[in-house]
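The values are calculated or read from the model by the stated rules, or taken from the named source; none is laboratory data. Small disclaimer: the values here were computed from a predicted structure and weren't measured. Here the Cβ positions follow ideal geometry from the backbone for every residue, glycine too, while neighbour counts run over all protein chains shown. These area figures cover heavy atoms from the full protein model, side chains too; ligands, DNA and RNA do not enter into them. Shrake-Rupley method; radii C 1.70, N 1.55, O 1.52, S 1.80 Å.
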Amino acid sequence: MKIAVLKEVSPETRVAAIPETVKKFIGLGAMVAIESGAGAAASIADSDFEAAGAAIGSRSDILKDADIILCVTGPDPALLNGAKSGALLVGALDPTRRNDEIKGYASAGIEALAMEWMPRITRAQSMDILSSQSNLSGYKAVVDAAAHYGRAFPMMMTAAGTVSPAKAFIMGVGVAGLQAIATARRLGAQVSATDVRSATREQIQSLGAKPIFVEGVAGIDGEGKGGYASETSAEYQAAQAELVSGHISKQDIVITTALIPGRPAPRLISDAQLASMRPGSVIVDLAAEAGGNVEGCVAGETVVRHGVSIIGAVQLARTLAADASALFARNLANFLTAFWDKDKGGPVLPDDDEIVLGIRLTREGKLVHERLGPAQ
Ligand code: NAD
């Protein structure tokens, strides 16, 4: 069994394997071939991979006879020329936005596995790339906000007077939001947070932050379906807008992370609410790529409105390439190991397995995932 690891194309900085996972695959009896320079942006030299037992080569060398191809961002199908029919392609393939490319994988006979569609079940937790990368994004959002903010986060009592603590408000308390709360607390901010899922109230409190919740109008019970939020009622949205208006004018830092799978990100902060904030405040919108939670947010840019900076964060995990690669690579290794069949010397993916059904996009030249429409 030959496992190939691609060098990603800029602006991707991460790599889908690290020396530790290379050793793990070799321990399972596989050969690992790494495209030269694949780890450079994540501070892993070719020699580190070689020391772990991998072979280093050009793209055509590594793809030749590869049974499994590991990537972070889904490659252009043309970059996989020379890969053999039936090879598995495992990575963040972004099937909702890359329909043509997914069809390209099918035409090339590649079996594409989209790791971001991993079901949220206990067995799959260690394979969940969305969680591992969101956790880092939540941390980095706060660090970026602090770097941009013209004041300090912690309270400081000095001979020259007292610096008051920053007030940080986290909107959306999933994986990224929880890490944002923890990071803002560590930096010394006074932290409050909100979500539509009632289960998050206790999680917010357990991190020492203040929950800000709509009372009297039903949001989303417990964890929500599969851990995800769905659209809330118009009545809830109106109550939420009023609650946010009252709270946000007193905040210095806001981190928004709210996402609803398969829909544009919910609008949580209006222009009028921005105008009520103190100039110099900083908002980091982690939902920027999904349309943004903040009115006027532009993905990949920092926009200043009413004196408030809105950072349209994109793929923040890429700015922590070494740690992000390590977690991502372990997610892939955990997945392959869980399905590894010792006798066959490779992964066996049963058709009726919940994980396989969740992530398999293409097989034998066809699109096979129900979310991609009928098999074609
Ligand atoms: P997400 O990225 O889909 O959304 C971020 C947060 O935004 C969620 O908490 C969501 O409830 C919230 N949100 C949506 N609309 C909102 C609105 N209008 N106002 C305020 N908040 C809003 O979520 P996520 O980070 O992927 O995680 C969601 C949950 O799934 C978490 O509880 C997490 O622990 C759980 N989870 C479970 C597994 C597993 O069991 N394998 C894996 C990953 C995550």
*asked:* Step by step: find N for the range 283-376, compute 2.2 N^0.38 Å, then divide the Cα radius of gyration by it. What's the final number?
replied: 1.61
_For residue 302, what accessible surface area do you get with a 1.4 Å probe? Give it in Å², rounded to 10._
70
*asked:* Report, in listed order, any pair from 103/225; 23/84; 2/344; 2/23 with a Cα-Cα distance greater than 22 Å.
replied: 103/225; 23/84
*What are the ³J(HN,Hα) values, in whole Hz, obtained from phi via the Karplus relation 6.51 cos²θ - 1.76 cosθ + 1.60 with θ = phi - 60°, for each residue of the range 60-70 in sequence order, with x given for Gly and Pro?*
5, 4, 6, 6, 4, 6, 5, 8, 9, 10, 9
*Given 0.36 nm per residue, what is the gain on full extension from residue 158 to residue 217 after removing their alpha carbon distance, in nm?*
16.7 nm
*asked:* Students sometimes get this wrong: rank 342, 250, 140, 7 by accessible area, probe 1.4 Å, all chains present, largest first.
replied: 342, 250, 7, 140
*asked:* If you average the alpha carbon positions of the range 204-258 and of the range 1-79, how far apart do those two centres end up, in angstrom?
replied: 42
*Overall form of the range 127-271 per C-alpha gyration tensor (a/c, 1.5; a/b vs b/c)*: prolate
*By a straight-distance test (C-alpha under 14 Å), which aspartates and glutamates pair with residue 342 as possible cross-link partners, with residues fewer than eight away in the same chain excluded?*
none
*To the nearest 10 square angstrom, how much accessible area does residue 323 have with a 1.4 angstrom probe?*
100
*asked:* Let me check I've understood the local charge: for residue 111, count other residues with C-beta under 9 angstrom from its C-beta, Lys and Arg +1, Asp and Glu -1. What total comes out?
replied: +1
*For the range 282-376, with all protein chains present and a 1.4 Å probe, just round the carbon and sulfur fraction of the accessible area to a whole percent.*
47
*Which percentage, to the nearest 5, of the DSSP beta bridges contained in the range 156-284 is antiparallel?*
15
*Counting only protein heavy atoms, what percent of the accessible surface of the range 49-159 is carbon or sulfur at a 1.4 Å probe?*
51
*Apply the Karplus parameterisation 6.51 cos²θ - 1.76 cosθ + 1.60, with θ equal to phi minus 60°, to every residue of the range 208-219 and state each ³J(HN,Hα) to the nearest whole Hz, in sequence, with x for glycine and proline.*
x, 10, 9, x, 10, 10, 5, 9, x, 10, 5, x
_Cα-based shape type of the chain, given that a ≥ b ≥ c are square roots of the gyration tensor eigenvalues and the cut on a/c is 1.5_ = prolate
*Give the accessible surface of the chain per residue, rounded to a whole number of Å², with probe radius 1.4 Å and ligands, DNA and RNA excluded.*
44
_Inter-probe distance in nm under a simple model that places probes 7 Å from Cα toward Cβ, at residue 314 and residue 235_ = 4.1
*Restricting to the chain, compute how many DSSP beta bridges are antiparallel as a %, nearest 5.*
25
